[in-house]
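Here's the structure we're looking at; comments come further down.
The values are calculated or read from the model by the stated rules, or taken from the named source; none is laboratory data. Predicted, not measured: the structure shown is a model, and the values here were computed from it. Backbone-built Cβ (ideal geometry, glycine too); neighbour counts: all protein chains shown.
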């Protein structure tokens, strides 16, 4: 019997554990999560979108695993009675200058084999009567779900299948000892044959604890949300996105119908002062030092400081935030939106300031480290898990 330890109880970690239990039923699976519950960070603070795979370079892990994951996530929800809605989305060009980027996105979507359609302003308003658009890309397969509910179901299935689920257990050290991996935690030692690191915002730290040399550093970016006041929810039927700037992994503030019927607006993207920094007031000195001492962040800042300043200004001004939304739906005013929390994106950055734009999965001796898995990782989670587990040599853990 092989022993697997998965670090991280977000959707990727739980999906990996579930895939291990499914594909290797005779083996032992332990999940370690430092928080008291599942999906406490990235998974539990996102916009709940089942992405189609529009934005990603054809042939990349993001493109292939997102498309497959969109289908498998819907199948999982249907099988287990979890609510989801394939509502589709519009990516809208609000002026003529954005049309070339919209057409490029259409070509990329077609290359990725997605059911998309370029439409004009009149047809766009058939989907979203209040939208402002000179043209739009309709993405029929985009959906919405509560990824927290997906995690709770995965944990339930893991418990029923005999996996050991340990919340409130933080990893403090990792040592290879012969053919074993010894994981030191706040709850004692756990000995495994294989460690799989799905620690999200702390994945690079777990890798370094494990003796794995990686040049990337996780830099946290906070995404702040508003939501439409209940009496204004009728302004949005589904999902409305701007045409993204290809220089950045962030999609711009958008309007997202949630599975509970609310409509979220956002997120923006500001540098966070803690890896779990959900507000300006949350500051972690260790995290701040990690950011400021990393030359990749300074290189990134030199390249994109104007973008960063714009995001900070939007964070500090409800009026600016509402103005960004009004480019998509002109009827929206500051009075129509109320604060709705925030999430933090774990973005891996290279020493030259480059943003790692694909999923990054590093394999080492008896270890696997998921070092970059921001959006669309939740959509792709079941397929990320399949990808990782399929690459584990049987002999490695036997």
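For the residues 149, 155, 160, 133, the requirement of being in contact with a strand residue (DSSP E or B) (Cβ under 7 Å, 6 or more places away or on another chain), under 28 Å from residue 378 (Cα atoms) and modelled with pLDDT of 95 or more singles out 155. Restricting attention to segment 10-24, does a residue exist that is out of contact with any strand residue (DSSP E or B) (no Cβ under 9 Å at 6 or more places or on another chain) and on the phi > 0 side of the Ramachandran plot? For segment 10-24, residues out of contact with any strand residue (DSSP E or B) (no Cβ under 9 Å at 6 or more places or on another chain) and on the phi > 0 side of the Ramachandran plot: absent. Please find, within segment 126-151, the residue that is surrounded by the most Cβ atoms within 10 Å (Cβ to Cβ) out of those that are more than 19 Å from residue 52 (Cβ to Cβ) and in contact with a helix residue (DSSP H, G or I) (Cβ under 9 Å, 6 or more places away or on another chain). Among those residues, the one meeting the criterion is 151.
Taking residue 23 as the residue in question, decide whether it is outside the structural domain of residue 374 (by TED's automatic domain parsing), at pLDDT 95 or above and surrounded by fewer than 18 Cβ atoms within 10 Å (Cβ to Cβ). Considered against the rule, which asks whether it is outside the structural domain of residue 374 (by TED's automatic domain parsing), at pLDDT 95 or above and surrounded by fewer than 18 Cβ atoms within 10 Å (Cβ to Cβ), residue 23 comes out as no.
Of the residues making up segment 1-8, none is surrounded by fewer than 22 Cβ atoms within 10 Å (Cβ to Cβ), over 25 Å from residue 209 (Cβ atoms) and out of contact with any strand residue (DSSP E or B) (no Cβ under 8 Å at 6 or more places or on another chain). Touching a residue at least 24 places away in the same chain (Cβ under 8 Å), surrounded by 21 or more Cβ atoms within 10 Å (Cβ to Cβ) and over 19 Å from the mean Cα position of the chain (by Cα), is that true of residue 16? When the stated conditions are applied, residue 16 does not pass them. A residue that is touching a strand residue (DSSP E or B) at 6+ places or on another chain (Cβ under 7 Å), modelled with pLDDT of 95 or more and over 30 Å from residue 21 (Cβ atoms) occurs nowhere in segment 194-215.
How about segment 279-288: which of its residues are within 23 Å of the chain's Cα centre (by Cα) and part of a helix (DSSP H, G or I)?
Correct list: 287, 288.
Being over 24 Å from residue 65 (Cβ atoms), in a strand (DSSP E or B) and in contact (Cβ under 8 Å) with a residue 60 or more places away in the chain is a property that does not hold for residue 131. Please verify whether residue 32 is at negative phi, buried (at least 23 other Cβ atoms within 10 Å of the Cβ) and either outside the structural domain of residue 195 (by TED's automatic domain parsing) or at pLDDT 95 or above (or both), treating the condition exactly as stated. Here the answer is yes, as residue 32 does meet what is asked.
From the list 286, 282, 320, which one is at negative phi and exposed (fewer than 14 other Cβ atoms within 10 Å of the Cβ)?
Matching residue, one of 286, 282, 320: 286.
Could you check, for segment 86-106, whether at least one of its residues is outside the structural domain of residue 190 (by TED's automatic domain parsing), touching a strand residue (DSSP E or B) at 6+ places or on another chain (Cβ under 9 Å) and closer than 30 Å to residue 29 by Cβ? No, segment 86-106 contains no residue that is outside the structural domain of residue 190 (by TED's automatic domain parsing), touching a strand residue (DSSP E or B) at 6+ places or on another chain (Cβ under 9 Å) and closer than 30 Å to residue 29 by Cβ. The one condition from (1) closer than 23 Å to residue 46 by Cα; (2) touching a helix residue (DSSP H, G or I) at 6+ places or on another chain (Cβ under 9 Å) that residue 195 does not meet is (1).
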